[in-house]
Amino acid sequence: MNDLHLQYLKLKIGIDAAVLDVLKGGQYINGTEVNQFSEELADYLNVRHVIPCANGTDAIQLALMALNLKPGDEVITTAFSFFATAEAIAILGLIPVFADIDPISFNIDPKSVESLITSKTRCILPVHLFGQAASMPELVNLANKHQLFIVEDVAQSLGTNALIENTEKKLGTIGHIGCTSFFPTKNLGCFGDGGAVMTNDSELAIKIKMLAVHGSKQPYRHEIIGLNSRLDTIQAAILRVKLPYLNGFIIERQKIAEAYIKELNSIDDFIVPEISGIANHSFNQFTIRIKNGLRDELKDYLSQKGISSKVYYPVPLDQQVAMQEFMKGRAICSEADKTSKEVLSLPIYPGLPNENIQHIVHTIQTYFKASI
Ligand SMILES: Cc1ncc(COP(=O)(O)O)c(C=O)c1O
C-alpha cells in the first residue's frame, strides 16, 4: 500500500543531516526543533497556534480536554473513521454520538448531525476522511446555531484546502480546534509517532500547551491534570525537512488519483471517488466502492496478482464492540454500514511508479471483463 523507504531516499540528505544534528546537539526532548516546527506548520496552515504532541489520538484528547466538557456531555462524530476518533471522546467520559455519512464523500452528513443534536450536545467532531473535506460550511452553521464547539480531525487530510465564504482555508483551521497525526503514512508523516493540535484561539492554545505537559506552565507547578504528550525532537527535525515538500506530495497524490479515475471510471459496479474539485482532496487514500458483493473477491484477485489493497474500514465505529455501551436504543448508521461492505482502498503514495498504476488498472479491468 505504501513505500515509506522511497520517501526517505528522496529526502535522505536533509533527513540524515537533521537527525545527526539532533543527536550531536544533545537536546532530545523539546528545544528549538520542536518550537521551529510548530511555527513553520502554523505559517503553512495560516493558523495562530500549533501545539505539537505525541500522536494524533492524543491531539484529539487534548482538544476535548481543553474545552471544559463534563462527563456525560455528547460529542457528535462520524460513524466512519479510524477508532481513535471515538476512543478519544469515550476515554474522557464523554458520550460519542455517531452520525451517518454521505455515501459519496464518506464524510459525516450534516443532516444526520442536525437530527442528533440534544440539550447535552457540546461539540461536533468531523473527520476529513481519506483526504477530503467534510461539509464544513453546513457544520459551522449548525455549530453557530446551537452554540457548539467544532473539533476537526484532520489526521488524513493535512494540507488540504476548503472554500469557506469564498476564502481558501486549510482543513483543521476552520473549527475551534484542529487535530492531526504525523503517523508515517499520513500526508505529512514522521518516522515514528507524532501529532499536533492547531487553533486560532489563544486561550485554548495556552490550555492545550499546559495539558500536553502534565498541566503545567512552569516546571513542577501543576495547575490542571494533563498528559505527557510531546513530539520527539528527532521527529520534529524530520518533519521540518519534510514540510516544504507537503504541497508537492499532495499534487503527486492528486495526479495518481486522476490517472486511476480516468482509467477506471467506465467500469460498471465500480465507483471511483466523486469529488467536489481535485484541489479539495489530498487523496491520503484512494477509496473506491464495489457494488454487487464483489469487493472481497476483487481484493483476493488483486492479492493473487501481487497488488495490495485495504478495507478502510470493515466495521463502522457505531458497530465496534467497544462502542456498544453508547448505542443502547440507537439504530446503526445504515450508510456507514453499506459503505463498510463496499469500500476498497488502492495503493496511493508519492513516488508510486507509473508502471505500478498501469498494472493495478489493467488488473482491475481484466477482473471486471472476466466477471461480466
Ligand atoms: C482519522 C484519524 N484520526 C486519528 C488518528 C490517530 O492518529 P495516531 O495514530 O497518530 O494516534 C488516525 C490515525 O490513523 C486517523 O486516521
Taking the Cα centroid of the range 311-372 and of the range 22-100, what is the distance between the two, rounded to the nearest whole Å? 26 Å
Fewest-first sequence of E297, E342 by Cβ atoms within 10 Å of each Cβ: E297, E342
Dipole axis of the chain (+1 Lys, Arg; -1 Asp, Glu on Cβ), positive-most option in L246, N292, S115: L246
Cα gyration tensor category, rounded, prolate or oblate, for the chain with a/c compared to 1.5: oblate
Given the pairs K10/K341; K169/K291; K70/K242; K10/K299, which are separated by over 32 angstrom at their Cα positions? K10/K341; K169/K291; K70/K242
Segments 184-192, 114-122 sorted - mean Cβ within 10 Å per residue, highest first: 184-192, 114-122
How would F82, F283 line up from fewest to most surrounding beta-carbon atoms within 10 angstrom? F82, F283
How much length, in nm to one decimal, is gained on full extension between N166 and S266, taken as 0.36 nm per residue of separation minus their Cα-Cα distance? 32.7 nm
Can you tell me how the range 195-304 classifies by the Cα gyration tensor, rounded, prolate or oblate, using a/c under 1.5 as the rounded cut? prolate
By how many nm would the segment from E258 to K217 lengthen if fully extended, with 0.36 nm per residue of separation less the alpha-carbon distance? 10.0 nm
Rough spin-label spacing in nm, given labels placed 7 Å along Cα→Cβ, for L9 and A331: 5.3 nm
Mind listing the Cα extents of the range 166-249 along all three principal axes, in Å, largest one first? 43, 36, 16
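Given all pairs of different Cα atoms, what value in angstroms does the Kirkwood hydrodynamic radius of the range 108-237 take?
The answer is 16.0 Å.
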Net lengthening on full extension, D16/Q147 (0.36 nm per residue, minus Cα-Cα): 42.4 nm
Is the C-alpha gyration tensor of the range 213-257 telling us rounded, prolate or oblate? Criteria: a/c under 1.5 is rounded; beyond that, a/b larger than b/c is prolate, otherwise oblate. prolate
Rounded to the nearest 5, the percent of antiparallel DSSP beta bridges in the chain equals 65 percent
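What is the order of E152, E223, E138, fewest Cβ neighbours within 10 Å to most?
E223, E138, E152
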With runs of 4+ DSSP H residues as the only contributors, calculate the mean residue ellipticity of the chain at 222 nm using -39,500 (n - 2.57) per run, divided by the residue total and rounded to the nearest 500. -12000 deg cm²/dmol
Sorted by mean Cβ packing within 10 Å, highest first, what order do the peptides 348-356, 163-171, 127-135 take? 127-135, 348-356, 163-171
Report the Rg/Rh value for the range 246-371, based on alpha-carbon coordinates and the Kirkwood definition of Rh. 1.02
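Bear in mind these aren't lab numbers, they're just calculated from the coordinates by the rules spelled out. Please read all numbers here as calculations on a predicted model, not as lab measurements. All Cβ positions, even for glycine, are placed from backbone atoms using ideal geometry, and neighbour counts span all protein chains on display.
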